[in-house]
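A.B. asks: This is the structure I have questions about; it appears just below.
What follows draws every value from the coordinates through simple rules; no lab data is involved. Everything quoted here is computed from the prediction, not taken from an experiment. Cβ placement follows ideal geometry from the backbone for every residue including glycine, while neighbour counts extend to all protein chains displayed.
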Amino acid sequence: MKEGKMIAMLLAGGQGSRLKLLTQEVAKPAVPFGGKYRIIDFPLSNCSNSNIFDVGILTQYKPYQLNSHIGIGSAWDLDRRSGGVRVLPPYTSELGGRWYKGTANAIYENISFIDELDPEYVLILSGDHIYKMDYSKMLDFHIQKKADITISVVGVPWDETHRFGILNIDENNFITEFDEKPKHAKSNLASMGIYIFNWKALRSYLVAEEKKAGSANDFGKDIIPQMKLDGKKTFAYEFEGYWKDVGTVKSYWEANMDLLSDDNELDLYDSNWKIYTKNKHLPPQYIACGASVTNSLINEGCTVEGHLESCVLFNEILIKKEAKVFNTVILSGVTIEEDCEIHNAVIMEDVTVKAGTVIGSPDSNIIYLVSKNKIIETE
Amino acid sequence: MKNCLGIINLSEVDSPFGVLCQNRPASMLPFAGRYRVIDFTLSNMVNSGINNIGVFTGNKVRSVMDHLGSGQPWDLDRKINGLFLFTPTYDYTSINAKVGDLDLFFQNKSFVKNAKQENIFLAKTYMIANIDLKEAYQEFLDTGADIGIIYKKVSDPKNRFIGCDKINFDGKGEFESIGTNLGMEENFDLSLEMYFMKKNVYFDLLFDSVERGNANYLKQAVLNSLNKYKVHTIEFTGYVSCINTLRNYFDANMAILNQEISNELFFEHGQIFTKVKDEPSTHYKKNARIKNSFVANGCQIDGYVENSIIFRGVKVEKGCIIRNSIVMQKTHIDENVHLNYTILDKRTTINKGVTLIGDPSLPYIGGKKAVISKEGDI
């Protein structure tokens with residue numbers, strides 16, 4: 001065992017079905033976010049910035065775009081002589097092939113990968129959240145508390161506690177109780193799905209859990225409660241800062257719009273904690289003579305001739321003359337033709353919005369998800 | 001173009017660019033929001049399939065090394081072939097100071113000798129274009145010529161190409177000689193200073209000139225022995241701008257605001273690659289007003305910007321008016337600054353209320369890391 005060494009295992013196999021058309025072709029971690037990124041860029045950049053250079057990425061649902069995005073990990077400086085980034089899909093063995101049954105099973109199936117790297121600690125991450133976090137500080141906390149498990153938690157608004165797995169803790173951050181989606185929460189600390197385990201202990205629990213019939217093989221439902229029951233020390237690490245689960249089209253749209261506010265906590269311009277992504281080598285954006293652009297994020301390769309207000313534009317987008325777009329997220333390759341008026345929408349990749357189209361209205365809360373052949377309304 | 005070796009010689013004159021070239025050669029001048037001048041030549045070569053490239057860096061090495069590094073953005077960090085940098089060396093034993101590139105080529109002859117390629121493509125960087133070299137190379141091979149020169153028929157009423165090489169043809173339209181354009185004729189044939197050459201011809205020229213001592217530059221050697229070799233001229237018909245004076249540099253940047261030109265330069269025969277900075281998208285804030293401008297990523301703009309080129313990571317605070325200017329990487333422009341016909345080098349700071357006005361023929365230049373404040377403020 002290499003003392004003090006921590007590796008990360010990133011669960012990136014989820015579909016994220018509530019994102020509807022956004023995840024029709026890609027897994028949730030590969031969904032584009034923030035004008036140039038994909039969701040998985042956040043945990044991957046966090047790893048790199050936290051000096052964690054061994055990352056196993058567990059894929060399952062529609063992995064093609066995710067695989068080509070990750071490549072050999074050079075965008076995150078994770079192309080290493082030894083270790084580095086590894087994509088770990090489900091595989092077949094002499095017993096036949098099978099899908100990952102649950103989050104814990106996905107790690108179990110890759111025990112040999114972790115054994116080879118031989119770490120003292122394993123960091124379990126999910127590829128579904130937008131946040132910037134220094135995992136090395138969480139490890140310091142884990143070591144200082146002599147914990148067996150550390151779970152990262154974040155304070156959520158009290159009226160939303162029923163949507164999260166809530167943890168109740170004592171004054172030493174010792175976890176006293178798990179409260180899954182409680183009706184009357186005693187605390188507002190929600191689990192972020194980020195765990196640090198001592199690998200030796202976790203390994204034996206994974207092996208034991210695998211033998212149990214009818215287990216869901218899930219960290220939250222099976223492994224952690226069992227370890228707690230056996231008296232393993234579980235602590236909560238309180239994270240402060242921006243954290244968002246972009247589970248639905250609405251929250252996806254909101255998280256993108258958050259980037260436009262002046263007091264946005266997720267500072268993408270912080271050069272000490274850059275978010276990295278695969279580069280497309282495009283020329284700068286061109287804003288034409290008659291254009292007006294306010295409160296918007298625009299990426300390379302865009303040409304704007306029309307009117308944009310509070311929009312997030314990905315790359316290679318053409319907004320033609322007299323088109324007016326408000327509060328909208330536009331993914332790459334989109335063309336918006338003349339005289340369109342669009343409010344509160346998410347426009348998917350490579351869509352051409354024909355001249356004169358009107359989508360949404362300024363005084364409605366409905367978010368429109370626009371794809372090549374249909375428009376879905378969501379509240 | 002597997003059989004063609006690339007050589008880029010960064011021997012352009014720096015002196016016309018003043019403080020902009022204090023610590024960088026002209027080939028490393030920032031261009032078009034996120035590029036350096038050299039990116040075009042290098043990307044053209046890579047896009048055409050030349051994957052073994054030697055760069056003769058000249059003496060401002062730090063800037064060159066910093067930008068090119070291992071060649072990764074151009075996909076030249078290879079085990080087989082790749083990017084090779086040759087820095088100048090001092091020979092203390094010789095009493096004669098060496099001028100010109102010929103000595104440099106001679107000293108590094110083993111790079112060319114050991115390369116498996118049988119033909120050479122030699123280029124400078126100051127001609128900005130997006131060229132399909134594959135096509136030109138094929139033409140060179142098909143004619144069986146010893147030397148191929150790429151040229152363009154230009155009409156130059158504004159004298160943009162003064163001092164550039166000019167191809168002269170005889171009455172039958174056959175190649176006759178290379179001279180210097182003094183602007184006597186409006187229409188002439190501009191040499192892009194891009195040459196194809198057979199490897200044995202390269203060595204003949206090199207060794208012959210060293211023995212005779214009659215040339216300091218490879219181009220001189222070529223001119224000395226034009227009668228010995230079959231020279232073929234290859235016409236290029238696309239857009240070219242020439243970075244040889246400050247005025248031309250300024251105008252070449254501004255030409256990017258023309259959509260036709262920028263589409264050709266950035267997409268025609270493949271993408272232009274450059275060092276990646278991992279900047280987020282550009283944020284246009286509530287007071288932003290932008291007209292006819294080319295803006296790179298990572299900027300935060302809250303002022304008025306018109307007819308300008310804004311590089312990566314520039315901050316423009318509210319109340320600013322920026323017109324007809326080039327603002328390079330990581331420059332911070334504080335509130336109520338007024339710029340017109342200004343070039344600001346990297347990491348410049350312009351404090352509140354400053355007004356900088358240049359002239360189209362002589363833009364105001366703020367040097368790298370300069371801090372400019374209003375009179376009376378510290």
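A.B. asks: With angles folded into 0 to 90 degrees, how steeply does helix B:133-143 sit against the dominant principal axis of chain B? Use alpha carbons for both and round to 10.
C.D. replies: Helix B:133-143 sits roughly 20 degrees off the main axis of chain B.
A.B. asks: Let me ask another. Taking the 0 to 90 degree range and rounding to the nearest ten, how far is the long axis of helix A:249-258 tilted relative to the main principal axis of chain A, both from C-alpha atoms?
C.D. replies: With rounding to tens, the tilt is 80 degrees.
A.B. asks: Take the Cα coordinates of the protein assembly as shown, assign each an equal point scatterer, and use the Debye formula without solvent to give log10 I(q)/I(0) at q = 0.11 Å⁻¹.
C.D. replies: Relative scattering, expressed as log10 I(q)/I(0), comes to -1.21.
A.B. asks: Another question, then. Residue by residue, what Karplus-based ³J(HN,Hα) values in Hz, rounded to whole numbers, does region A:20-35 have, using 6.51, -1.76 and 1.60 with θ = phi - 60° and x for Gly and Pro?
C.D. replies: Per residue, the Karplus-derived 3J(HN,Hα) values read 6, 4, 4, 10, 5, 9, 9, 6, 3, x, 8, 5, x, 8, x, x Hz.
A.B. asks: Please list, short to long, the whole-number percent of alpha-carbon pairs of region A:279-375 in consecutive 10 angstrom bins beginning at zero.
C.D. replies: Pair shares across the bins are 18, 57, 23, 2.
A.B. asks: For chain B, set up a GNM with springs between Cα atoms under 10 Å and report which of B:PHE111, B:PHE311, B:PHE236 has the largest fluctuation.
C.D. replies: Taking springs between Cα atoms under 10 Å, the residue moving most is B:PHE111.
A.B. asks: Another question, then. If you average the sequence gap of Cα pairs under 8 Å that are 6 or more apart and divide by the length of chain B, what percent do you get for the contact order? Please list the in-between numbers first.
C.D. replies: Working: 838 pairs, mean separation 55.7, N = 378.
Rounded, it is 15 percent for chain B.
A.B. asks: Measure nothing fancy, just the Cα-based angle from helix B:246-255's long axis to the longest principal axis of chain B, in degrees from 0 to 90, nearest 10.
C.D. replies: That works out to roughly 70 degrees.
A.B. asks: Below 18 Å Cα-Cα, how many Lys pairs turn up in region B:283-372? Only count pairs eight or more apart in sequence, or on different chains, if you could.
C.D. replies: 21
A.B. asks: Something else: Rg to Rh ratio, region A:73-205, alpha-carbon atoms and Kirkwood radius?
C.D. replies: Working: Rg = 17.1 Å, Rh = 17.1 Å.
Taking Rh as the inverse mean 1/r over Cα pairs, Rg/Rh reads 1.00.
A.B. asks: Quick one: which residues, 5 or more positions from B:LEU192 or on another chain, have an amide H under 5 Å from its amide H? H modelled 1.01 Å from N in the peptide plane, none for Pro or chain starts.
C.D. replies: B:ILE150, B:TYR151, B:LYS152
A.B. asks: Additional query: Say R0 is 22 Å: what FRET efficiency, to the nearest 0.05, do B:ARG78 and B:GLN138 get from their beta-carbon distance?
C.D. replies: On the way: r = 24 Å, r/R0 = 1.08.
Between B:ARG78 and B:GLN138 the formula returns 0.40.
A.B. asks: Ignore the peptide's own chain and count Cβ atoms of other chains within 10 Å of each Cβ in A:295-304; give me the average, rounded.
C.D. replies: On the way: counts 7, 6, 6, 8, 5, 9, 3, 3, 3, 3.
Counting Cβ atoms of other protein chains within 10 Å of each residue's Cβ and averaging gives 5.
A.B. asks: So, one more: Report the relative contact order of chain A, percent, no decimals, based on alpha-carbon pairs under 8 angstrom and at least 6 residues apart.
C.D. replies: Numbers: 842 pairs, mean separation 54.0, N = 379.
With pairs under 8 Å counted, the relative contact order is 14 percent.
A.B. asks: Hey, another quick one. Can you give me the pair-distance distribution of chain A, C-alpha pairs, 20 Å bins, whole percents?
C.D. replies: Using 20 Å bins, I get a P(r) of 27, 54, 18, 1 for chain A.
A.B. asks: Alpha carbon centre of region A:1-65 versus region B:263-284: separation in Å?
C.D. replies: 25
A.B. asks: Further question: Most mobile of A:THR335, A:THR294, A:THR303 per a Gaussian network model of chain A (Cα springs, under 10 Å)?
C.D. replies: A:THR294
A.B. asks: For chain B, modelled as a Gaussian network with Cα springs under 10 Å, which listed residue fluctuates most, B:VAL112, B:VAL316, B:VAL99?
C.D. replies: Looking only at B:VAL112, B:VAL316, B:VAL99, the biggest GNM fluctuation is shown by B:VAL99.
A.B. asks: Can you quote the Å³ per residue value for the convex hull of the Cα atoms in region B:4-267, rounded to an integer? Write out the running numbers ahead of the final one.
C.D. replies: Details: hull volume 37.3 nm³, N = 264.
Spread over its residues, the Cα hull of region B:4-267 gives 141 Å³ apiece.
A.B. asks: Follow-up. Take the cross-link list A:LYS145/A:LYS274; A:LYS137/A:LYS280; A:LYS36/B:LYS275; A:LYS2/A:LYS137; A:LYS28/A:LYS233 and give me the ones stretching past 22 Å between alpha-carbons. Could you put the intermediate results ahead of the total?
C.D. replies: Details: A:LYS145/A:LYS274 29 Å; A:LYS137/A:LYS280 33 Å; A:LYS36/B:LYS275 17 Å; A:LYS2/A:LYS137 19 Å; A:LYS28/A:LYS233 32 Å.
Beyond 22 Å between Cα atoms: A:LYS145/A:LYS274; A:LYS137/A:LYS280; A:LYS28/A:LYS233.
A.B. asks: Residue-wise, which Karplus ³J(HN,Hα) couplings in Hz belong to region A:9-15, taking 6.51 cos²θ - 1.76 cosθ + 1.60, θ = phi - 60°, and x for glycine or proline?
C.D. replies: My calculation for region A:9-15 gives 10, 10, 7, 10, x, x, 7 Hz in order.
A.B. asks: After finding the eigenvalues of the alpha carbon gyration tensor for region B:283-372, what semi-axes result from the square roots of 5 times each, listed largest first in whole Å? Working shown, then result.
C.D. replies: Values: eigenvalues 57, 37, 32 Å².
Semi-axes, largest first: 17, 14, 13 Å.
A.B. asks: Let me ask something additional. Which ³J(HN,Hα) values in Hz, rounded to whole numbers, follow from the phi angles of region A:132-141 under the Karplus curve 6.51 cos²θ - 1.76 cosθ + 1.60, where θ = phi - 60° and Gly and Pro get x?
C.D. replies: So the J values, rounded to whole Hz, are 10, 8, 8, 5, 5, 5, 5, 5, 4, 4.
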